[in-house]
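Note sheet for the following structure.
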């Protein structure tokens, strides 16, 4: 029977780092001094991670040996692919196990070099692997579920690893490979511990679980991914996802929105840029837009409404006159307006509310944010006037319009 404490027990991936709220790390844990001999399978797997997985990974697979995906299945009772008559691990017999010989250098001269090639493991780690084999080479991670110190023989992660600033940072920056141990679906994998056993129901599809919620409930990061609260990478997140002078924009405006936490290329599986958010504007209103280090260009959203001609940076001050003129912004801004706008505002002294009353008030304040910057021109003319999309008919500002082109 296998025993697991409540906190996370992944036994694969790279060694964890203690990450503080300032984003700093104090370096990787090491197995040489912290894991005693006689430990369980998870401690052995931790040793493999430190010393072997760099070459014997799911992708590297040196010598046909993958110690990352399922080391137990790859070793116990498995014949050596390179040396006939040798079994990698003989359960209960460390002396007869080829793995032990390769680790302690007792292999024959014709059986290759000691492993790992960068230099032998510490005596402590070799003794740990040997004791595990002699004890039956099971997948039991240990039975001392009451231990709380970092030397517990079954433990892979540190005792405080349940804290978000520990395993959260390791997951986001891919310092620890969650899926190799907990499975690609995070339902248990080789250790039989589902991430759902600790995380609250619905966490897999709840953006705020990782991306914030302190600022508001939208998922806009109130802090950066490394928990920094100053010098934010994109301080305007909240303004974009909150309704103000425009609709509350969904993530799809600037990113490929994942279905859940295991979506490929999001952050756990297939993410080639750990810790960095991939900006993709092609799924939103500004599908011709481009983003580069805090600057957006070719934007509809920050343009004048006449095409993909807007440019904005994270430090820009945005108001009505930034994109297009209104009655209160003056002559220079009116000249940038399309069609007959300049004539109506300058000569007739009409405000935007005359033709766009569902969107803007006479004070030039937005009263219909869901209709503003939504990709559609919303026209509501005074009583007796009709608009076809290109022409106006009726009487307005004491002037008769008869199919007059806009």
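What to note about this one:
- Residue identified as touching a helix residue (DSSP H, G or I) at 6+ places or on another chain (Cβ under 7 Å) and in contact (Cβ under 8 Å) with a residue 12 or more places away in the chain among 339, 294, 303: 303
- Every residue from segment 317-353 that is touching a strand residue (DSSP E or B) at 6+ places or on another chain (Cβ under 8 Å), crowded, with 20+ Cβ neighbours inside 10 Å and not in a loop (DSSP other than H, G, I, E, B): 323, 352
- For segment 345-355, a residue qualifies if it is more than 16 Å from residue 321 (Cβ to Cβ) and at pLDDT 90 or above, and the qualifying residues are 350, 353, 354, 355.
- Residue check, residue 307 at positive phi and outside the structural domain of residue 367 (by TED's automatic domain parsing): yes
- Yes/no for residue 211 being without any contact (Cβ under 8 Å) to a residue 60 or more places away in the chain and farther than 30 Å from residue 183 by Cβ: no
- Checking each residue in segment 53-70 for being crowded, with 18+ Cβ neighbours inside 10 Å and without any contact (Cβ under 8 Å) to a residue 60 or more places away in the chain picks out 53, 56, 57, 65, 66, 67.
Matching residues to (1) at pLDDT below 70; (2) surrounded by 16 or more Cβ atoms within 10 Å (Cβ to Cβ); (3) closer than 18 Å to residue 294 by Cα:
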site	(1), (2), (3)
217	no, no, no
221	no, yes, yes
231	yes, no, yes
246	no, yes, no
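- Residues that are assigned to a loop (DSSP other than H, G, I, E, B) and touching a helix residue (DSSP H, G or I) at 6+ places or on another chain (Cβ under 7 Å), drawn from segment 58-90: 65, 66, 67, 68, 69, 70, 80, 81, 82, 83, 86, 88
- Taken over segment 200-215, the criterion of being assigned to a loop (DSSP other than H, G, I, E, B), surrounded by 15 or more Cβ atoms within 10 Å (Cβ to Cβ) and at pLDDT below 85 is satisfied by 207, 212, 213, 215.
- Residue within segment 112-132 that is assigned to a loop (DSSP other than H, G, I, E, B), more than 40 Å from the chain's Cα centre (by Cα), assigned by TED's automatic domain parsing to the domain that holds residue 42 and modelled with pLDDT of 90 or more present: yes
- Picking from residues in segment 354-363 that are in a loop (DSSP other than H, G, I, E, B) and buried (at least 17 other Cβ atoms within 10 Å of the Cβ), the one that is nearest to the chain's Cα centre (by Cα) is 359.
The values are calculated or read from the model by the stated rules, or taken from the named source; none is laboratory data. Keep in mind the model is a prediction, meaning the values are calculated, not measured. Backbone-built Cβ (ideal geometry, glycine too); neighbour counts: all protein chains shown.
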